[in-house]
Amino acid sequence: MSTAEQAAPTPGTVETSRRTVFLRRFLSGDLGFLRVILILFVIWAIFYSQNDRFLSAQNLTNLVLQITAIGLISVGVVLVLLLGEIDLSVGAVSGLCAAVMAVLNVKHGWDPYLAIAAGVAAGTLIGFLQGSVFAYIGVPAFVVTLAGLLAWQGALLYVLGDTGTINITNSKIVGLANTFYSETTSWIIGAVAVAVYAGVSLWGYRRRVAAGLADQAFGPIVFRIALVAAVTIIAIGIFTQDRGLPLAGLILVAFVAGFQYLISRTRYGRHIFALGGNIEAARRAGINIATIRVSVFALAGTMAAIGGIMGASRLLAVNQSSGGSDLLLLAIAGPVVAGTSLFGGRGTVWSALLGALVIGSISNGMDLLNYDSSVKFMVTGGVLLIAVIIDAIARRQRQAEGRV
């Protein structure tokens, strides 16, 4: 046997090597989406076996409405996590900003759109303030936002005053979470969404080819377009069996897609990843660290406000418990469960959506099975702990392989 024949790998060896690489990438977090999809499949299978209403069109539509507020807040949380920081105030900020909107609209007669804009602006201002204290004074983000958690809860009580609960009746505000599109409109929206995704994907690939930077085959791009089209068709098919395509779901997907583009296709996004990966290297590269930090916390405050307003729209009211309970836990747990690292520098905004689906599915399923709140808290906390352990193991694996 010649030397070349001895060196040539056998088909079995190649297949084993591919499986080893796949398993290593799966364990190190490179295939986080696949892990989340598998987890989601298992969760849905378990709850469906216990109650066949779980996968009904009505319940899946309700699930989307339930996770919209959490998912929107989680979008801002993802940005903070990418920095390697945490924001413990997003729940309280969401409740306060929803209260600002409700008070201005109901008690002071403001135009609904101006009231919504004021609520969002309040969230942006709060995030800017907390980010400035963190970035310029040097107080750890954990401490700043923990103080905010307490302060903004007090501000919520102050804004609501003696009323305690404010019922929202304006059709423009209520319609944010209670508008459903007809079957024809739903399919048109789906077709446009798939066409836009396909156009952006192909245009980006063409630009990379023209610049000599295309490092992937054309096949995977076609596969992703086909996958998006299939998911869109299935989702619209399910929604149209109930009330129709919910506007709330479109708002959530639009924000997730927009922020994903921001962090993956812009210089600003690359700076966020750089800070989360190695802050000293980012400083030496000339990145304005303080500006990035302040802007990220401002965006987190903005998304918390938007999530709070969507939550108020669904519940038709704002009260003293708005933004409380397990909202903060769920908003942070979702992205972590879906693969965004608590250590910074790794993750995608899509984890906000997928994580909200996982956490929301667990909560929704336990509600259908009439589990006590105590059980829900313990299960959700356990899922978060498992996700953090997996994240820590994956980080150790990447470090052992010499990767960040």
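Among the candidates Leu275, Leu252, Leu262, the residue that is assigned by TED's automatic domain parsing to the domain that holds Leu129, closer than 30 Å to Ala177 by Cα and crowded, with 20+ Cβ neighbours inside 10 Å is uniquely Leu252. Here the condition is being more than 21 Å from Leu330 (Cβ to Cβ) and surrounded by fewer than 16 Cβ atoms within 10 Å (Cβ to Cβ); of Ala229, Ala257, Ala290, Ala298, it holds for Ala290 alone. Of all residues in the range 147-177, those that are open to solvent by less than 70 Å² (accessible area, probe 1.4 Å) and assigned to a helix (DSSP H, G or I) total 15. Selection of the range 301-317 for residues being aliphatic (A, V, I, L, M) and buried (at least 18 other Cβ atoms within 10 Å of the Cβ) yields Met303, Ala304, Ala305, Ile306, Ile309, Met310, Ala312.
Checked against (1) touching a residue at least 12 places away in the same chain (Cβ under 8 Å); (2) open to solvent by 10 Å² or more (accessible area, probe 1.4 Å), Met101 passes all but condition (2). Listed by position, the helices (runs of 4 or more DSSP H) inside the range 252-329 whose residues that are closer than 28 Å to Ala115 by Cα number at least 2 are 289-315. The residues listed here are Leu34, Leu55, Leu27; of these, the one that is among the aliphatic types (A, V, I, L, M) and modelled with pLDDT of 90 or more is Leu55.
Contact map, the range 186-200: residues that are surrounded by 13 or more Cβ atoms within 10 Å (Cβ to Cβ) paired with residues that are assigned to a helix (DSSP H, G or I) and not hydrophobic (A, V, I, L, M, F, W, C), Cβ distance under 7 Å, separation 6+ or inter-chain. Pairs shown: Gly190/Thr232; Ala193/Thr232; Val194/Thr232. If only one of Val209, Val231 is outside the structural domain of Leu83 (by TED's automatic domain parsing) and modelled with pLDDT of 90 or more, which one is it? Unique residue meeting the criteria: Val231. Residue count for the range 342-386 under the criterion of being touching a Gly at 6+ places or on another chain (Cβ under 6 Å) and modelled with pLDDT of 85 or more: the result is 6.
Only a single item in (1) farther than 23 Å from Val75 by Cβ; (2) out of contact with any Phe, Trp or Tyr (no Cβ under 7 Å at 6 or more places or on another chain) is not met by Ser186, and it is number (2). Of the residues making up the range 363-372, one or more are over 18 Å from Val253 (Cα atoms), touching a residue at least 40 places away in the same chain (Cβ under 8 Å) and part of a loop (DSSP other than H, G, I, E, B).
The values are calculated or read from the model by the stated rules, or taken from the named source; none is laboratory data. This is a predicted model, so every value here is computed, not measured. Note: ideal-geometry Cβ built from the backbone for every residue, glycine included; neighbour counts use all protein chains shown. These accessible areas exclude ligands, DNA and RNA; they are computed on the full protein's heavy atoms, side chains included. Shrake-Rupley method; radii C 1.70, N 1.55, O 1.52, S 1.80 Å.
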